[in-house]
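The values are calculated or read from the model by the stated rules, or taken from the named source; none is laboratory data. Only a predicted model underlies this, so the values are computations on that prediction, with no experimental measurement involved. Every residue, glycine among them, receives a Cβ derived from its backbone with ideal geometry; neighbour counts consider all protein chains shown. For the accessible areas, the whole protein counts, side chains as well, though only heavy atoms, and no ligand, DNA or RNA atoms are used. Shrake-Rupley method; radii C 1.70, N 1.55, O 1.52, S 1.80 Å.
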Amino acid sequence: MKINIVKILIVSALALNFTGYSQAVQSQNNDIWLHYYGKNMLTKKLSFTFETVARFANGFSEKQQYFVRPSIDYQLTKHLVGSLGYSHYATYVYGNPAINKTTIPENHIWIQAQFTHQFGDLKVTNRLRDENRYVGVAVKGADGTYDIDRYAYRNRFRYMLLLNYPLIKDEKKATKLFGILGDEAFFNLGSIKSTPNADSDVGGTFMNQNRIIAGFGYNINPHHQIQLSYIHQNVWNFTDTIEESNPTMRLSYYTNFSFAKK
């Protein structure tokens, strides 16, 4: 457990450091995220996962973002799952000041390693994901409007530490209600410059996002679960001129089905 506590402290220190010393203009949005995550076992080790989110800023008054994210996952060892996936995003114009001038599409091809360990009742998940991002570049036209002119490659690394602890169990000792606590940090990989080139650099800051996560989950039955989480999200824009600090409520619905032969 010592190594996981150290990781929490390191990630938290990074988030506080970049938040405290950023020279970016501060922006805040009160967000609501509606989230679905479905895992489908194809064999005892191979699974197909589909995830999607609709995100809104300032209540439901502004569309913030949506994505779809399918992946193929393989249980490599008792504690390790490897994944290969694809994501399609659309990020809208929202907030004041707004980070985007028009809706920005993104396509990701990513690989992931997820390590899960059990320490008594406490489940500890470490997730590492490398995202190869192809991000739409908006260019201002003669009429003053912005359109997507091309796509730029950017590389991003994500690390998430998540703790899960049962709070209420049923008569069969199966967990019904549980608490979750964690942090996820997003790091830009590549050339960091104060005046970045949209086609060849990853941006003006090493940090892309940070999310502090706390909430509760309820297992309806072995196949269906709901979660309600508070997420404090920090987002740094590409040129590191705007930083969003967004209090966020996320409602998640999880499904878990098996089509594997018994």
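Of the listed residues Met41, Met207, the order by accessible area with a 1.4 Å probe, largest first, is Met41, Met207.
For the pair Leu42 and Leu167 in one chain, pulling the backbone fully straight at 0.36 nm per residue adds 41.9 nm over the alpha carbon distance. Label-to-label distance for His117 and His224 is 3.6 nm, based on points extended 7 Å past Cα in the beta-carbon direction.
Shown is the FRET efficiency for Phe67 and Asp199, computed with R0 = 25 Å from the Cβ-Cβ distance and rounded to the nearest 0.05: 0.60. Overall, the accessible surface of the chain at a probe of 1.4 angstrom is composed of carbon and sulfur to the extent of 62 percent. Net charge dipole, the chain: roughly 1260 debye, given to the nearest 20, about the Cα centre with Cβ charges of +1 for Lys and Arg and -1 for Asp and Glu.
For Arg211, the accessible surface of its heavy atoms amounts to roughly 20 Å² (probe 1.4 Å, protein chains only, rounded to the nearest 10).
Seen from every direction in turn and averaged, the convex hull around the alpha carbons of segment 76-190 projects onto 10.6 nm². For segment 185-228, the solvent-accessible area with a 1.4 angstrom probe is 48 square angstrom per residue.
For Ile99, the solvent-accessible surface with a 1.4 Å probe is about 50 Å², rounded to the nearest 10. Largest GNM mean-square fluctuation among Ile168, Ile32, Ile104, using the chain with Cα springs under 10 Å: Ile168. For the chain, the longest piece that avoids every one of the chymotrypsin sites (Phe, Trp or Tyr not before Pro) found in DSSP loops with at most 13 other C-beta atoms within 10 Å covers 61-258. Cβ-Cβ distance of Ile109 and Lys140, R₀ of 35 Å, FRET efficiency by 1/(1 + (r/R0)^6): the value works out to about 0.75. Rounded to the nearest whole Hz, the Karplus-based 3J(HN,Hα) values (6.51 cos²θ - 1.76 cosθ + 1.60, θ = phi - 60°) of segment 221-229 follow the sequence 7, x, 10, 9, 8, 10, 9, 10, 10, with x at glycine and proline. In straight Cα distance, which lysines are under 20 Å from Lys172, not counting same-chain residues fewer than 8 positions off? Cross-link targets: Lys123.
What does the C-alpha gyration tensor say about the overall shape of segment 90-151? Classify as rounded when a/c is under 1.5, otherwise prolate if a/b is larger than b/c, or oblate.
Numbers: a/c = 7.01, a/b = 2.57, b/c = 2.73.
Here segment 90-151 falls in the oblate category.
Quick one: of Lys176/Lys261; Lys45/Lys261; Lys44/Lys262; Lys63/Lys101; Lys45/Lys262; Lys173/Lys261, which pairs are farther than 19 Å apart, Cα to Cα? Intermediate results must be reported in sequence, preceding the final value.
Working: Lys176/Lys261 27 Å; Lys45/Lys261 11 Å; Lys44/Lys262 9 Å; Lys63/Lys101 14 Å; Lys45/Lys262 12 Å; Lys173/Lys261 27 Å.
Result: Lys176/Lys261; Lys173/Lys261 exceed 19 Å.
The slack in the chain from Lys261 to Gln28, taken as 0.36 nm per residue of separation less the alpha-carbon distance, amounts to 78.9 nm. Helix 2-21 axis versus longest C-alpha principal axis of the chain: approximately 20°, rounded to the nearest ten.
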